[in-house]
Amino acid sequence: METQLTQYQTLVQRASQLRLQAFSIAEGFRSGGFHSHFKGHGIEFTGVREYLRGDDIRTIDWNVTARMSKPYAKLFEEDRELVVFLVLDRSLSMNTGFGSQNRLECANEIAALLAFAAEQISSPLGAVFFDGSITFSIAPKASQNNVMLVLSQIDESTKLFYEKKAAQEGSMLSGALDGACRLLKNRSLVVVVSDFRTSGYQKAMARVASKHDVLAIKVADPTDFAVPQIGSFSFEDPETKTIRTFPTASSSFRRVWKQSEIERRERWVKLCRRCGAKTLVISTEDEPAKKLKEFFATKENFL
């Protein structure tokens, strides 16, 4: 536990390193495929032009299109401000993983990188943290103070988590998404960072996605697909404290374990797509900065 605490007490101290890593993510916000998808619409309508492949279908002027017998898009005075809002999972199930870091640690780094990317393009940043309840929330604001407050709250909540002074059982993901809806006044990028080991959040996610751009980032671990071959091994469910013993050396058990995760992940992707959310999986063995850079720079992710 001491090693984990030491690592997380230095998250704010890693600000310079994380800012550098976040630069390429900010470039994706600014000039990659995401920018062309998200670019804001100001209140002033300036005219129309012929619709081009890759334009947001929501900009089509249907009246002009009907008259001209080919599609035309509306032109607006652009408002390029991008609001970034983080929905961060701090539930007990995040404290799992057999790699160099667990899911919670990976989620913390993802959130910090996105926060610094927002800072670099002067975007308002807001957040809500949750476990079995809502533990922290802050309305979007474009300031370095907001970024550092979010980062320090990540540090503090992680410290309490490992000291077993926090983290209520269960997952308030649905409530956190509803909270995001209440805090957000303008169209925003809502990034949900979670293991999604819960249910009942579909309606709330669909409500958010109807007004905002939602990216669901699933924090995964290699053991989701393949457990270490260490004979009979006992696992404790961090939420229910139920202990079960599995024959990890059994080939049939390992095959079922892998297939079950494949099916769970496919169901999750389908659920998110039905809600209108984009999906990204980041493993505890991945480099979060690299995965985020690739995602936001790829135009196909936002067509």
Item to check | Filtered residues of segment 143-155 (kept if crowded, with 16+ Cβ neighbours inside 10 Å and either under 18 Å from Ser91 (Cβ atoms) or in contact with a helix residue (DSSP H, G or I) (Cβ under 9 Å, 6 or more places away or on another chain) (or both)) | outcome: Asn146, Val147, Val150, Leu151, Gln153, Ile154, Asp155
Next on the checklist: Based on this model, can you work out whether Leu177 counts as in a helix (DSSP H, G or I) and either surrounded by fewer than 17 Cβ atoms within 10 Å (Cβ to Cβ) or hydrophobic (A, V, I, L, M, F, W, C) (or both)?
Outcome noted: yes
Next on the checklist: Against the conditions (1) in contact with a strand residue (DSSP E or B) (Cβ under 6 Å, 6 or more places away or on another chain); (2) in a helix (DSSP H, G or I), where does Thr223 fall short? Just the number, please.
Outcome noted: (1)
Next on the checklist: Would you confirm whether or not segment 19-35 contains a residue that is in a strand (DSSP E or B) and either at pLDDT below 75 or not assigned by TED's automatic domain parsing to the domain that holds Asp213 (or both)?
Outcome noted: no
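Of all residues in segment 94-121, how many are within 23 Å of Ser24 (Cβ to Cβ) and at pLDDT 90 or above?
16
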Checklist entry - Does Lys278 satisfy being at positive phi, assigned by TED's automatic domain parsing to the domain that holds Ala115 and of a type in the set (Lys, Arg)? => result no
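Kindly evaluate Arg265 against the criterion of being in contact with a strand residue (DSSP E or B) (Cβ under 8 Å, 6 or more places away or on another chain) and over 25 Å from Glu169 (Cα atoms). First the steps, then the outcome.
On the way: in contact with a strand residue (DSSP E or B) (Cβ under 8 Å, 6 or more places away or on another chain): yes; over 25 Å from Glu169 (Cα atoms): no.
Against the criterion (in contact with a strand residue (DSSP E or B) (Cβ under 8 Å, 6 or more places away or on another chain) and over 25 Å from Glu169 (Cα atoms)), Arg265 does not qualify.
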Next on the checklist: Could you go through segment 286-296 and let me know if any residue there is within 25 Å of the chain's Cα centre (by Cα), in a loop (DSSP other than H, G, I, E, B) and among the aromatic types (Phe, Trp, Tyr).
Outcome noted: no
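What is the residue count in segment 113-135 for residues that are of a type in the set (Asp, Glu) and in a helix (DSSP H, G or I)?
The number of residues fulfilling the criteria is 1.
On the basis of being at pLDDT 95 or above, buried (at least 19 other Cβ atoms within 10 Å of the Cβ), in contact with a helix residue (DSSP H, G or I) (Cβ under 8 Å, 6 or more places away or on another chain) and basic (Lys, Arg), does Lys218 make the cut? Reasoning before the result, please.
Working: at pLDDT 95 or above: yes; buried (at least 19 other Cβ atoms within 10 Å of the Cβ): yes; in contact with a helix residue (DSSP H, G or I) (Cβ under 8 Å, 6 or more places away or on another chain): yes; basic (Lys, Arg): yes.
So Lys218 fits the description; yes.
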Item to check | Test: Phe196 is part of a strand (DSSP E or B), in the same structural domain as Asn95 (by TED's automatic domain parsing), surrounded by 14 or more Cβ atoms within 10 Å (Cβ to Cβ) and not β-branched (Val, Ile, Thr) | outcome: no
Checklist entry - Looking only at segment 125-134, which residues are farther than 11 Å from Gly179 by Cβ and buried (at least 21 other Cβ atoms within 10 Å of the Cβ)? => result Leu125, Asp131
Checklist entry - What pairs can you find where one residue is in segment 241-262 and in contact (Cβ under 8 Å) with a residue 24 or more places away in the chain and in the same structural domain as Asp221 (by TED's automatic domain parsing), the other is surrounded by 11 or more Cβ atoms within 10 Å (Cβ to Cβ) and in a helix (DSSP H, G or I), and their Cβ atoms are less than 6 Å apart, with a gap of 6+ or different chains? => result Glu261/Asp224
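The values are calculated or read from the model by the stated rules, or taken from the named source; none is laboratory data. As the structure is a prediction and not an experimental result, all values here were calculated from the model. So basically every Cβ, Gly included, is an ideal-geometry build from the backbone, and we count neighbours across all protein chains shown.
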